[in-house]
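I have a structure I would like to understand better, so I am pasting it below and will then ask my questions one at a time.
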Amino acid sequence: SRIERPPFDPIKENGQFFVGWTKPKAALIITGREEGYFEPCGCAGKERMKGGLSRRHTMIRQLQQQGWPTAIVDAGGLIKGFGKQTEIKFSNTVEAYRKIGYHAMNLGAPELRLPSTLLLSVMTSGEGESPFVSANVALFDFAADEWTARYKLVQAGDLTFGITGILGKEYHSQLNNPDLQFRDPAEALREVLPKLEASADVLVLLTYSSEEEALALAKAFPQFKVIVNTDGPAEPPGAPRMIPGSDRFFIQVGEKGMTALVLGFFDDPNTPVAYQRVILDSRYPDSPEMKAVMRNYQAQLAALGFEGLEIRPVPHPRKEEQGTFVGTKKCASCHEASYEVWKKSGHSKAWETLAELEIPRTGDPQCVSCHVTGWHPTRYFPYESGFLSEEKTPELTDVGCESCHGPGSKHVEA
């Protein structure tokens, strides 16, 4: 039988958050580098995984329900990869951010690799003004771009946050898109800074760039109290990182949307600003609104099917030596002990895990790829003779022997 693990206690594991905090006069909530992780993903079991927009929304809502005035910003990097599914995910992710109530979203390099027509469509969808901001990137033309603000002024309680963003210089040459216009980050910031200084109490710079470039901009523009950067460690530090010799914050957002950072602003000369890294763990229940977006996203994928998502099987690199995929049952007669171990493992129930979810993920290539046999697990495509569907290739559901060992027909025939 399978080994049962003790129940997971997120507070014991990750600690309490906002210990000793009173209600701040304003809270700046910071995220970035979601990288396509609309929900947490991994083999640890959902209660042990971190991240997801559902938990993030719940966390933000809990603070707002306590009466905290909030300004919510994202440093960019909503998605990763390219292709039809990524485009659909981007549209749904921006819809989710709008529902959460993001005030400012910096344009990161992954978003800017998408087709310009899609960017325009997403920016102009929804009610209210576009949340996207960038001082140095414009769609089509700086003079004509009505969809990307050069800066945002956000009122939270008695504080006005002046927020702008930049895309690092290193990405300008990588993004070979004639529909985008770039400016030097420092030049662009010099232009918006007087407007921010005239109207805002706290200046915030969102940087999708290298840490080195972000620190150089922080040094060149000491007016920014908060500099947010997408480079850096997988998990943000537990204690705030300050710009040397100052009371200014250098915030690193981590990866995969696993955390959010909260800066609380107080009328307290001893601690005018407090920092909290919030690990988005299972203490935060799912948000109904985010589940509705996920349900809609999965329905869109299922309606298109793998073919409609432009997913095509490719030859396996070891096809000549190893043949085709045959399924784990073909291994059982010779490898009986290994087969019995496999039958008791989670790998033998991988497909069932997707099929029995409240919102099934059986039409989602980014989920299917790790739960069947004969797909590339991280590039989300099937190999020829790999899993097609539960109806057509039932022997290839679940994570089988060939998921690691490669196709086995020639081994079986030997």
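Taking the chain as the reference, fit the longest principal axis to its C-alpha atoms, fit the long axis of helix 211-220 to the helix C-alpha atoms, and give the angle between the two in degrees, 0 to 90, nearest 10.
10 degrees
Further, regarding this structure: Please find the FRET efficiency linking W21 to L153, where r is the Cβ-Cβ separation and R0 is fixed at 35 Å, and quote it to the nearest 0.05.
0.85
Could you run the Karplus curve 6.51 cos²θ - 1.76 cosθ + 1.60 with θ = phi - 60° over the range 173-182 and give me ³J(HN,Hα) per residue in whole Hz, x for Gly and Pro?
After applying 6.51 cos²θ - 1.76 cosθ + 1.60, I find 7, 6, 8, 7, 10, x, 7, 10, 10, 10 Hz.
On to the next question. Please report, in debye to the nearest 20, how large the charge dipole of the chain is about its Cα centre when each Lys and Arg carries +1 at its beta carbon and each Asp and Glu carries -1 there.
Magnitude of the dipole: close to 660 debye.
Straight-line reach from K25: which aspartates and glutamates have a Cα under 19 Å away, not including same-chain ones fewer than 8 places off?
In chain and number order, the partners are D158, D201, D247, D267, D268.
From the gyration tensor of the Cα coordinates in the range 314-413, what semi-axes in whole Å does the equivalent ellipsoid have, largest first, with each one equal to sqrt(5λ)?
Gyration-tensor ellipsoid for the range 314-413: 21, 17, 10 Å.
Here's another thing I want to ask about it. Scan the range 229-303 for trypsin sites (Lys or Arg not before Pro) in coil per DSSP, keeping those whose Cβ has at most 15 other Cβ atoms within 10 Å, and list them by number.
Of the trypsin sites (Lys or Arg not before Pro), the ones in loops of the range 229-303 whose Cβ has at most 15 other Cβ atoms within 10 Å are R241.
Kindly list the residues of the range 367-382 that lie in the label zone of H405, defined by a backbone N under 16 Å from the point 7 Å along the Cα-to-C-beta vector.
373-374
Between A239, A109, A135, find the one with the highest GNM mean-square fluctuation for the chain; connect C-alpha pairs within less than 10 Å.
A239
Express in nm, to one decimal, how much length is gained between S338 and R312 on full extension, taking 0.36 nm for each residue of separation and deducting their alpha carbon distance.
This chain segment gains 6.1 nm when fully extended.
Something else about it: So what are the ³J(HN,Hα) numbers for the range 311-328, from phi and the Karplus equation (6.51, -1.76, 1.60; θ = phi - 60°), rounded to whole Hz, Gly and Pro as x?
Once rounded to whole Hz, the list reads 9, 10, x, 10, x, 6, x, 10, 4, 4, 7, 10, x, 10, 6, 10, x, 5.
Next question. Only bridges whose two residues both fall in the range 25-289 count here: according to DSSP, what percent of them are antiparallel, nearest 5?
About 45 percent, rounded to the nearest 5.
Let me know the longest stretch in the chain that avoids all GluC sites (Glu not before Pro) found in a DSSP loop with at most 14 other C-beta atoms within 10 Å.
Formally, the longest exposed-site-free interval is 147-309.
To the nearest 20 debye, what is the magnitude of the charge dipole of the range 45-165 about its Cα centre, counting +1 on the Cβ of each Lys and Arg and -1 on the Cβ of each Asp and Glu?
Roughly 720 debye for the range 45-165.
In addition: Which listed residue (F82, F142, G101) has the Cα farthest towards the positive end of the charge dipole for the range 74-163, taking +1 on Lys and Arg C-beta and -1 on Asp and Glu C-beta about the Cα centre?
Going by the Cα projections, it comes out as F82.
Can you tell me the dipole magnitude for the range 314-413 around its Cα centre, using point charges on the Cβ only (Lys, Arg +1; Asp, Glu -1), in Debye to the nearest 20?
About 200 debye.
So between A44 and E358, what do we pick up on full extension, going 0.36 nm a residue minus the alpha carbon distance?
111.2 nm
Distance check, please: which entries in K89/K195; K89/K410; K330/K392 exceed 28 angstrom between their Cα atoms?
Going by Cα-Cα distance, K89/K195; K89/K410 fall outside the 28 Å limit.
A follow-up question, please. Longer than 22 Å from Cα to Cα, which of K99/K291; K46/K256; K12/K225; K12/K50; K99/K256 are they? Say none if no pair is.
Pairs exceeding 22 Å: K12/K225.
Using 1/(1 + (r/R0)^6) with R0 = 22 angstrom and r between the beta carbons of I11 and Q65, what's the FRET efficiency to the nearest 0.05?
Step by step, r from the Cβ atoms, then E = 0.70.
Over the range 1-125, what relative contact order in percent results from Cα pairs under 8 Å that are six or more residues apart?
Computed over the range 1-125, the figure is 27 percent.
Going through the range 327-414, which trypsin sites (Lys or Arg not before Pro) have at most 14 other Cβ atoms within 10 Å and a DSSP loop state?
Hits after loop and neighbour filter: K344, R379, K392.
Using Cα-Cα distances under 8 Å and only pairs 6 or more residues apart, what relative contact order does the chain have, in percent?
16 percent
Can you list residues whose amide H is under 5 Å from L203's amide H, if they're 5+ apart or on another chain and H is modeled 1.01 Å from N?
Long-range HN contacts for L203: G162, K225, V226.
Another one. Positive end of the charge dipole of the range 209-309 (Lys, Arg +1 and Asp, Glu -1 on Cβ, about the Cα centre): tell me which of P237, M258, S282 has its Cα farthest that way.
The one lying farthest along the dipole's positive direction is S282.
Rounded to the nearest 500, what is the 222 nm mean residue ellipticity of the chain from helices alone, with -39500 (n - 2.57) per DSSP H run of 4+ residues and division by all residues?
One gets -8500 deg cm²/dmol as the mean residue ellipticity at 222 nm.
Each residue of the range 105-117 in turn: what ³J(HN,Hα) in whole Hz from Karplus with 6.51, -1.76, 1.60 and θ = phi - 60°, glycine and Pro shown as x?
My calculation for the range 105-117 gives 10, 6, 7, x, 4, x, 5, 6, 7, 6, x, 4, 5 Hz in order.
Taken together, the values in this text are just the output of simple stated rules run on the coordinates, not laboratory data. What you are looking at is a predicted structure, and each value in this text was computed from that prediction instead of being measured. Every residue, glycine as well, gets a Cβ built from its backbone with ideal geometry; the counts of neighbours run over all protein chains shown.
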